[in-house]
Amino acid sequence: MTDVYIIGTDMIRFGRFPDRSVPDIGAEAALLALDDAGLSIGDIQALYCGNLLEANAAVGQRILHLIGQTGIPVVNCANACATGATAFRLGWMDIKSGLHDLVLCVGAEKMGKGLIGSDRKPDGISTEGLLGSNTMPTIFSTLGMEHTRKWGTTLEQFARVSVKNHHHSTLNPKAMYQTETPLEDVLSSEMISYPNTKLMCSVNVDGSAAAVLASEKKVRELGLMGRAVKVRASVMTSDPYTEHDLVLPDFSTCTRLAARQAYEMAGIGPDEVDLVELHDCFATAEILHYENLFLCEEGEAGELIDRMDTYLGGRIPVNVSGGLLSKGHPLGATGIANIYEVTTHLRGEAGRRQVEGARIGLTHVVGLGNACAIHVLEKTD
Amino acid sequence: MTDVYIIGTDMIRFGRFPDRSVPDIGAEAALLALDDAGLSIGDIQALYCGNLLEANAAVGQRILHLIGQTGIPVVNCANACATGATAFRLGWMDIKSGLHDLVLCVGAEKMGKGLIGSDRKPDGISTEGLLGSNTMPTIFSTLGMEHTRKWGTTLEQFARVSVKNHHHSTLNPKAMYQTETPLEDVLSSEMISYPNTKLMCSVNVDGSAAAVLASEKKVRELGLMGRAVKVRASVMTSDPYTEHDLVLPDFSTCTRLAARQAYEMAGIGPDEVDLVELHDCFATAEILHYENLFLCEEGEAGELIDRMDTYLGGRIPVNVSGGLLSKGHPLGATGIANIYEVTTHLRGEAGRRQVEGARIGLTHVVGLGNACAIHVLEKTD
Amino acid sequence: MQSPTPRTVVDFLKYGEDGSLYLEGHRCRDCGAVYFGRRSTCSKCFSRSRMDAVAAPPRGHLYAYTIVHRSFPGVETPFIHAVVDVEGGGALRGTLLGVPPDPDDIEMGMPISITFEDAGQTDREGNRYMTYFFRPA
Amino acid sequence: MQSPTPRTVVDFLKYGEDGSLYLEGHRCRDCGAVYFGRRSTCSKCFSRSRMDAVAAPPRGHLYAYTIVHRSFPGVETPFIHAVVDVEGGGALRGTLLGVPPDPDDIEMGMPISITFEDAGQTDREGNRYMTYFFRPA
Ligand SMILES: [Zn+2]
Ligand SMILES: [Zn+2]
């Protein structure tokens, strides 16, 4: 099987675009990624499009209607918060299969404001508050408390994740927010669901990101090997049976399964990773994923953030983009945006937030359902 | 690249299941297909799930929650009426890539009653009736009239498609309707959108279908080559730029493009195909696709149906299952259900509607957006 | 007191400087394709930012049609859904008036005049709307 | 005139033959996994049609929780969202009552009693509903 390379990638600055459509912002990211590769839509042989909230509305084809109708195969996919990463992985699989040499992956999303989740009414009455809660913060807060139960993780440790990611975002011009949030501010912001305060919840924003993938042969043919980034591993998992999964979605087991497979496919250990963009949809989630991705021993995630090991300049920088907490979390775009971030570092083009000497990076997303996706990317020489 | 085989496939009888969920009917088809292959969900390495109307609701994972949570990768895809075929193609691509040897593809849909389409309100007023119509019948009826303009196709010729497909359905115990509808009945049923009467519109039903795909190595290892069916071609296209496409969706150009590629990939000509299941969402559509799939010369589709060439027993039987017009059209399931139909004939297991001596079959779906998918299947010896 | 200028039902139906309505097309400087609706990239030849706004002549020819008998609840039927090739390039879909809704009375290719008329509906805020119709020329 | 028996808020909260409420679990005959809600196949070991309906004891232990301060509009907060391991197998989520919504007052692992109470809401047709709550044992 051929190796697969990223030869172009970009994202729009995340924000709120009430007057623009999903295909419109998707088209913008697609053109930016094509420009980054020096290609035209006419060169592309297939499109993989990730969008969640208009998943049944042919977003991929509508993007082509805006930038060039070439008749190429289009797949629209949806996988909760792993939607964008799923589109990327399908593009990777396409090239692996030998079907095409050049494909485009786009993720785009326009989010509503407010809480994500639904107030389902089985048999006609609202169960919110009656059978616990159906909101997203509830799930990730309960999982945080599960961690507290096992390892004594403190409110302050969870909160420090937000302090870090908001700090990182001040170095990222494409982040939605770019403001320092000291620990006192994080702790004193509105409590959403204990222990997550408002500043410990990811930001609902609109956004898009795209990547152009190529086979090794095509990269050489185009003379793009210098700036190309190699996909060393692409892994997806769903949630295996575990005791609480059906009442308390278990994002840890599927992440660990994916991480083990990804390290094996890449032929590396966690200690060889230079930077990580992981799924910090809530501050509590980042703590869990330090351990799930084997960045530290079980139960040591609290200490990892206390020691500032995951800051830019630390032992293993995590979410130097600002993460979902500060860069923002447009569901369908997130998985490709974190691939853009890691690629930018591996190219040495990340400016003030550059992780010095980065050679290998890992991206991780995991969504309710569950769908987990991990990619390991490597600098080429 | 390995060849890819269908080693298990089945569908539920299409109908209306108000008390069952989409994952529930999807799980039933999945288990039926696994039974057909003699496998357990524990043997499956990846799941590709097609569903349109709950495309953002993790249908694939919810199916696994019902039949076995093994942690395998799950992709949920949506591509209008090509949704099921897209899931099938992704499974095919997965095995082609060498990633896995055994994957499951499921399509499931629960449809509302009534017209599909939306009454969009740009700037606040309803445009239905004001700027023409936004219903699905409108599109396919206008395309029928375009054919009439070019080739003089008559109302009766369009109607004969419905007579044929309803006739075929009387031989298919899994069809929603199994009733003869003589020409007078078709013509005298309620006019929906000229020239399509109610009996010339596909049936909104609930349904599900599934297929297990395997690499050649795995088929041999399992000793299943006898009943296995080989995927000779898998092709998808979107709508290339054509003059009217943005105001009158052009399902012909993308179908012709896909058909040419499919015949080339399979290394056969249209004359080598023994049966076809094509996208008869409306009677007018089937007429167009006779020509688009090169089953006859341009402009001769009307004569083809007049001569009864596409009847069971005719030169090239089309939609012997009863088609979308009579078997029913649960959007996400349709693309896999027509693969089930052709597979059943290639296995010689189609009972009263068996196309005698069938060795090669072709399936076609095309959905608004556009997304077209064609698969060419071949009997193994 | 004067009533405010009605809005238009689609963004490419615009008021000119003299207050009269026209259809705004976008013509690709490279390949000549004409689109109705905002757009910066050409879907046919992919060239970017080479779109010239043009006022389309309000006439064309009937390309294809259907007679809609069943529509969404509350919509009066039958009516004629038509696709018209606009003179000078581009195509529009809309409602054809001034002809009986009968295939015997509708001729493919017939010359069409595009007229600008009150939509006969107001939105929730009470705004009036102008729309376009097709009529035999 | 007697008022009709209230409905139940989830299908696994059932009336027994004596008219009292109980939680119906489904236990896999092959691996012992317990599920709440209808099911014919075991998600853990994949065995089919080997599910035995069992009446779960109305007690267990607190596995994890959060205190919900922001909910959907109109829902009273704060309240405690809890996950409880049910005695004999299986887990439920629900609302924990009888404890202040303060982490200092909630002990992980504490014994829980599952009580059946009126939901305090009616549906559009005026039907009353019974639900379950968690309370300290
Ligand atoms: Zn052009
Ligand atoms: Zn079991």
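Here are the numbers for the structure shown:
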item: Members of the range D:8-23 found to be in a loop (DSSP other than H, G, I, E, B), within 14 Å of another protein chain (Cβ to nearest Cβ) and surrounded by fewer than 18 Cβ atoms within 10 Å (Cβ to Cβ), listed by number; result: D:11
item: Which numbered condition residue B:45 misses (of (1) under 20 Å from the mean Cα position of the chain (by Cα); (2) without any contact (Cβ under 8 Å) to a residue 60 or more places away in the chain); result: (1)
item: Any hit, the range B:89-97, residues being touching a strand residue (DSSP E or B) at 6+ places or on another chain (Cβ under 8 Å), part of a helix (DSSP H, G or I) and more than 10 Å from every other protein chain (Cβ to nearest Cβ); result: yes
item: Any chance residue C:39 is over 16 Å from residue C:135 (Cα atoms), in contact with a strand residue (DSSP E or B) (Cβ under 7 Å, 6 or more places away or on another chain), away from ligand 1 (no atom under 16 Å from the Cβ) and part of a loop (DSSP other than H, G, I, E, B); result: no
item: Contacts under 6 angstrom Cβ, first residue in the range C:42-63 being closer than 22 Å to residue C:11 by Cα, partner of a type in the set (Val, Ile, Thr) and within 16 Å of ligand 1 (Cβ to nearest atom), 6 or more apart; result: C:48/C:41
item: Residues that are touching a helix residue (DSSP H, G or I) at 6+ places or on another chain (Cβ under 7 Å) and either part of a loop (DSSP other than H, G, I, E, B) or surrounded by fewer than 24 Cβ atoms within 10 Å (Cβ to Cβ) (or both), drawn from the range B:67-79; result: B:68, B:70, B:71
item: Whichever residue in the range A:207-230 is crowded, with 24+ Cβ neighbours inside 10 Å and among the β-branched types (Val, Ile, Thr) and, among such residues, is nearest to residue A:330 (Cα to Cα); result: A:212
item: Near pairs, Cβ below 6 angstrom, 6+ apart or cross-chain, from the range B:76-103 (touching a residue at least 12 places away in the same chain (Cβ under 8 Å)) to any residue that is assigned to a strand (DSSP E or B) and among the polar types (S, T, N, Q); result: B:76/A:79; B:78/A:76; B:79/A:76; B:86/B:79; B:89/B:234; B:92/B:234; B:95/B:215; B:101/B:215
item: Qualifying positions in the range C:42-97 - under 22 Å from residue A:62 (Cβ atoms) and assigned to a loop (DSSP other than H, G, I, E, B); result: C:42, C:43, C:44, C:45, C:46, C:47, C:49, C:50, C:90
item: Residue list for the range A:45-66, filter: crowded, with 24+ Cβ neighbours inside 10 Å and either at pLDDT below 95 or in a loop (DSSP other than H, G, I, E, B) (or both); result: A:51, A:52, A:55, A:58
item: The lone exception for residue C:49 - which of (1) more than 10 Å from ligand 1 (Cβ to nearest atom); (2) within 14 Å of chain A (Cβ to nearest Cβ); (3) within 25 Å of residue B:132 (Cβ to Cβ) it fails; result: (3)
item: Within the range C:3-17, tally of residues that are polar (S, T, N, Q) and touching a helix residue (DSSP H, G or I) at 6+ places or on another chain (Cβ under 8 Å); result: 1
item: Residue match in the range C:73-83 (condition: at pLDDT below 95 and either among the aliphatic types (A, V, I, L, M) or within 16 Å of ligand 2 (Cβ to nearest atom) (or both)); result: yes
item: Segments classed as helices (runs of 4 or more DSSP H), wholly inside the range B:265-381, with at least 2 members that are in contact with a Cys (Cβ under 7 Å, 6 or more places away or on another chain) and surrounded by 24 or more Cβ atoms within 10 Å (Cβ to Cβ); result: B:331-346
item: Condition met for residue D:62 (under 19 Å from the mean Cα position of the chain (by Cα) and either more than 8 Å from every other protein chain (Cβ to nearest Cβ) or within 16 Å of ligand 1 (Cβ to nearest atom) (or both)); result: yes
item: Hey, residue A:46 under 22 Å from residue A:236 (Cβ atoms), more than 7 Å from chain B (Cβ to nearest Cβ) and not aromatic (Phe, Trp, Tyr) or not; result: yes
item: Single residue of B:293, B:324, B:275 found to be of a type outside the set (Lys, Arg), in contact with a Leu (Cβ under 7 Å, 6 or more places away or on another chain) and in contact (Cβ under 8 Å) with a residue 40 or more places away in the chain; result: B:293
item: Residue within the range B:155-165 that is in contact (Cβ under 8 Å) with a residue 24 or more places away in the chain, surrounded by fewer than 24 Cβ atoms within 10 Å (Cβ to Cβ) and not in a helix (DSSP H, G or I) present; result: no
item: Criterion: surrounded by fewer than 24 Cβ atoms within 10 Å (Cβ to Cβ) and assigned to a loop (DSSP other than H, G, I, E, B) - qualifying residue of B:133, B:126; result: B:126
item: Among residues of the range C:118-137, those that are in contact (Cβ under 8 Å) with a residue 40 or more places away in the chain, assigned to a strand (DSSP E or B) and at the interface with chain B (Cβ under 10 Å from one of its Cβ atoms), counted; result: 6
item: Test: residue in the range C:107-117 that is within 7 Å of another protein chain (Cβ to nearest Cβ) and either buried (at least 17 other Cβ atoms within 10 Å of the Cβ) or free of Cβ contacts under 8 Å to residues at least 40 places away in the same chain (or both); result: no
item: Residue match in the range C:28-41 (condition: under 30 Å from residue A:39 (Cβ atoms), away from every other protein chain (no Cβ under 13 Å) and surrounded by fewer than 20 Cβ atoms within 10 Å (Cβ to Cβ)); result: yes
item: Conditions (1) modelled with pLDDT under 95; (2) at negative phi; (3) in contact with a Ser or Thr (Cβ under 8 Å, 6 or more places away or on another chain); number of the one not met by residue C:49; result: (2)
item: Any chance residue D:70 is buried (at least 18 other Cβ atoms within 10 Å of the Cβ), away from ligand 2 (no atom under 16 Å from the Cβ), modelled with pLDDT of 95 or more and charged (D, E, K, R); result: yes
item: Options A:215, A:234, A:208, A:193; residue that is more than 27 Å from residue A:33 (Cα to Cα), among the polar types (S, T, N, Q) and at pLDDT 95 or above; result: A:193
item: For residue B:263: the one exception among (1) in contact (Cβ under 8 Å) with a residue 40 or more places away in the chain; (2) of a type in the set (Phe, Trp, Tyr); (3) closer than 27 Å to residue B:156 by Cβ; result: (3)
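Here is a yes/no grid of residues against (1) touching a strand residue (DSSP E or B) at 6+ places or on another chain (Cβ under 8 Å); (2) part of a loop (DSSP other than H, G, I, E, B):
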| residue | (1), (2) |
| --- | --- |
| B:203 | no, yes |
| B:212 | yes, no |
| B:219 | yes, no |
| B:230 | yes, no |
| B:247 | yes, yes |
| B:256 | no, no |
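The values are calculated or read from the model by the stated rules, or taken from the named source; none is laboratory data. The structure presented is a predicted model; accordingly, all values stated were derived computationally and were not measured. Note that each Cβ is placed from the backbone with ideal geometry, even for glycine, and that neighbours are counted across all protein chains shown.
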